[in-house]
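Here is the structure we will look at.
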């Protein structure tokens, strides 16, 4: 574990540090949760359940029903029963429900943020400033579309697809539920949602909010469980459309499962997104952008800027700045309002990240940790870090780590930057950092990625379509384009 | 000197970063320590046409004991006055750790011949100023005559004869963060001991964004040369809450080494009593009425 040279450490000053500032809003968590089917919480048909833990402390938070084929059957049946009335409801009436849900999310924002952080390990700063407000934003945005679908697709008569099966990941549990539910409901579909195994609590809290908002029973059903639960949902013939966000590996299985069945599928999968820093960039701001790109949510972000391509003429200076910045990152208690990087979501994910760190070293990479503050004794933690001496053929340059691990490479010419950036099976996102507009446009046009951020990174909005190229998936979420997968467009 | 390298600065990203650092949560012991530190970093300033000897005496007394009867509240870093009042301030502060700072060089416009500005600096230093706050010629700078600006700063530095030189960039007149960065780099190259945002006579004065640009300029110079230069935001900083935001900017941009009055100052007047008020609130659990705090 080596460190690159950095500015000399300044002499010790009368040190001033932030006192612990834990978010203290109380959140009630029941000792067990059932599935949410037809507007009611019900235990698993076979009584199976599993624990969900706080990854920052490894303490059990609650026990949650493990969905089997019979639970999926009941949920899909409830969604089918609810479909005729919901889909015939005028758009302006559906909009009212969505609007009410959005308002209720805002009103209960603090509680939801704490719960998200407890269950998933992400810093409260992010759940408070990003996850929860963006989730509300998605419901607000789609409330606006519900009665305007004919204007979104002129000359067509938009009709709902039917019952949608939605399988969401553990990195943005509530936000991904909102990304999936809001457009589906706005378009008149009913839904069976399967939250991720490690992070079911905020989706279940959302179910309580749906009850408060008096959403008709069966319009949204939530079945908790693991990969088998998801597979049962995807295999169910009553589900007309499957929307999945998660790993490319599972996405390929889902594609095989729906093949030949005329059922619809959208996939939002992994990525190995390139962040390209040109020599004329505003370097201090680019460093911030690179930090945001890879360390946001501990790197558990499908579009994380996990490959950094820096122009050779500024590589040394850039890495010095990156080292310096890494040292000021605050890693630790996710509930502390000053924490920048929280806990790794699960033991399994931490093991996966560690495997990649080992492979990275074995293949000749140089690991730079820089950050040297102590980590908590309990819980799942990984220091933010980056690798140099990574070649395009190396594992760290090709495979998605889904953790706070950045692979740094360099380039000399724009041609080389494009060639290296596009040399990946994925194509979800990319970033360009340059002070020169013409250079930005020339590069952006040639990047094979669903989203290209210029002089910024990881910016999202409900009105902006998001989705991938190549093995990063197909279909878009957000914007007018995000409505399309949830509609049959009759002539 | 050769052509100055223009460093690109992304204004949107700077403002976003500065705003984000304003959301750090500073509570309890951290807040108390920060309030004391901010007091010790204050350049207690009066720069009005109506300044009188009596007013400067009051200021000096306040500078030494910001909270009457509580010796745990430190004295401020310096008292900052016009050159005519330097001798008086020197007398009042003789034998104390509080330094005397004087604005000079035809503050705030800088619009007199260089010969006169240098004379003003020499006179203030002769009268006992420890620190000189000069203004740059914004006219020359905006006309692109950077070499001349550099030469003027270097000449003032020489006239200071060992007194610390703070270079006021008057960022509110420079038009862009890139110009702020360029002016700061220029001042550092010409020998500034501090770069300072504003005179307080022009709006906008100090902002978190513009201060972040100065901190980054100082950080790059330190990385290149090993030389540590101070930063002084001035003008418009009135509340303890604002001051804490600046301390967070310093800590997370330059590190703890810069969290000292030797390398960071606030140019302010009404700020001091708000810092004291917040300290009293931490101590007593309630706010103090304004009439219970001595005027500066």
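The values are calculated or read from the model by the stated rules, or taken from the named source; none is laboratory data. Since the structure is predicted, the reported quantities are computational estimates derived from the model, not experimental observations. Glycine gets a Cβ as well: all are built from the backbone with ideal geometry, and neighbour counts include every protein chain shown.
Values computed for the structure shown
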{"item": "Only one of A:283, A:254, A:265 that is at negative phi and not assigned by TED's automatic domain parsing to the domain that holds residue A:486", "result": "A:283"}
{"item": "Checking residue B:154 against (1) in contact (Cβ under 8 Å) with a residue 40 or more places away in the chain; (2) more than 14 Å from every other protein chain (Cβ to nearest Cβ), the condition it does not meet", "result": "(1)"}
{"item": "Residues within the range B:32-63 that are closer than 18 Å to residue B:270 by Cβ, in a helix (DSSP H, G or I) and either over 20 Å from the mean Cα position of the chain (by Cα) or away from every other protein chain (no Cβ under 14 Å) (or both), tallied", "result": "8"}
{"item": "Every residue from the range B:131-162 that is in a loop (DSSP other than H, G, I, E, B) and surrounded by fewer than 20 Cβ atoms within 10 Å (Cβ to Cβ)", "result": "B:143, B:144, B:145, B:161, B:162"}
{"item": "Identity of the residue in the range B:248-259, farther than 21 Å from residue B:170 by Cα and touching a residue at least 12 places away in the same chain (Cβ under 8 Å), that ends up farthest from the chain's Cα centre (by Cα)", "result": "B:252"}
{"item": "Those residues of the range B:15-36 which are more than 23 Å from residue A:128 (Cβ to Cβ) and in contact (Cβ under 8 Å) with a residue 60 or more places away in the chain, in sequence order", "result": "B:32, B:35, B:36"}
{"item": "Residue match in the range B:192-207 (condition: surrounded by fewer than 24 Cβ atoms within 10 Å (Cβ to Cβ) and within 14 Å of chain A (Cβ to nearest Cβ))", "result": "no"}
{"item": "So residue B:13, is it out of contact with any helix residue (DSSP H, G or I) (no Cβ under 8 Å at 6 or more places or on another chain), within 11 Å of chain A (Cβ to nearest Cβ) and in a helix (DSSP H, G or I)", "result": "no"}
{"item": "Within the range B:260-283, considering residues that are within 14 Å of another protein chain (Cβ to nearest Cβ) and in contact with a helix residue (DSSP H, G or I) (Cβ under 6 Å, 6 or more places away or on another chain), the one surrounded by the fewest Cβ atoms within 10 Å (Cβ to Cβ)", "result": "B:282"}
{"item": "Unmet criterion (only one of (1) within 14 Å of another protein chain (Cβ to nearest Cβ); (2) in contact (Cβ under 8 Å) with a residue 40 or more places away in the chain; (3) assigned to a helix (DSSP H, G or I)) for residue A:371", "result": "(3)"}
{"item": "Criterion (surrounded by 17 or more Cβ atoms within 10 Å (Cβ to Cβ) and not assigned by TED's automatic domain parsing to the domain that holds residue A:377) met by exactly one of A:136, A:51", "result": "A:136"}
{"item": "Residues being on the phi > 0 side of the Ramachandran plot and touching a residue at least 24 places away in the same chain (Cβ under 8 Å) - total across the range B:220-247", "result": "2"}
{"item": "Spans of helices (runs of 4 or more DSSP H) in the range A:383-491 with at least 1 residues over 30 Å from residue A:352 (Cβ atoms) and modelled with pLDDT of 95 or more", "result": "A:414-422, A:437-444"}
{"item": "Sole exception among (1) under 20 Å from the mean Cα position of the chain (by Cα); (2) touching a residue at least 24 places away in the same chain (Cβ under 8 Å) for residue B:97, by number", "result": "(2)"}
{"item": "Hits in the range B:16-31 (condition: under 22 Å from the mean Cα position of the chain (by Cα), at the interface with chain A (Cβ under 7 Å from one of its Cβ atoms) and surrounded by fewer than 18 Cβ atoms within 10 Å (Cβ to Cβ))", "result": "none"}
{"item": "Given (1) under 22 Å from residue A:484 (Cβ atoms); (2) buried (at least 24 other Cβ atoms within 10 Å of the Cβ); (3) under 15 Å from the mean Cα position of the chain (by Cα), number of the condition residue A:171 does not satisfy", "result": "(1)"}
{"item": "Qualifying positions in the range B:274-296 - free of Cβ contacts under 8 Å to residues at least 60 places away in the same chain and assigned to a helix (DSSP H, G or I)", "result": "B:274, B:277, B:281, B:283, B:284, B:290, B:291, B:292"}
{"item": "Residue in the range A:278-302 that is farthest from the chain's Cα centre (by Cα), counting only those that are closer than 25 Å to residue B:21 by Cβ, away from every other protein chain (no Cβ under 12 Å) and outside any helix (DSSP H, G or I)", "result": "A:300"}
{"item": "Residues located in the range B:204-246, provided they are in contact with a strand residue (DSSP E or B) (Cβ under 8 Å, 6 or more places away or on another chain) and either at pLDDT below 95 or part of a helix (DSSP H, G or I) (or both)", "result": "B:211, B:214, B:215, B:217, B:218, B:243, B:246"}
{"item": "Answer residue from the range A:16-47, given it is modelled with pLDDT under 95 and loosely packed, with under 10 Cβ neighbours inside 10 Å and is farthest from the other protein chains (Cβ to nearest Cβ) among those", "result": "A:26"}
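Conditions (1) under 18 Å from residue A:58 (Cβ atoms); (2) modelled with pLDDT under 95, marked per residue:
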site: A:340; (1), (2): no, no
site: A:348; (1), (2): yes, no
site: A:353; (1), (2): yes, no
site: A:365; (1), (2): no, no
site: A:371; (1), (2): no, yes
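Residues are listed down the side, and each one gets a yes or a no for (1) within 14 Å of another protein chain (Cβ to nearest Cβ); (2) in contact with a strand residue (DSSP E or B) (Cβ under 9 Å, 6 or more places away or on another chain); (3) surrounded by fewer than 20 Cβ atoms within 10 Å (Cβ to Cβ); (4) without any contact (Cβ under 8 Å) to a residue 24 or more places away in the chain:
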residue: A:324; (1), (2), (3), (4): yes, no, yes, no
residue: A:335; (1), (2), (3), (4): yes, yes, no, no
residue: A:345; (1), (2), (3), (4): no, no, no, no
residue: A:359; (1), (2), (3), (4): no, no, yes, no
residue: A:365; (1), (2), (3), (4): no, yes, no, no
residue: A:379; (1), (2), (3), (4): no, yes, no, no
residue: A:386; (1), (2), (3), (4): no, yes, no, no
residue: A:392; (1), (2), (3), (4): no, yes, yes, no
residue: A:399; (1), (2), (3), (4): no, no, yes, no
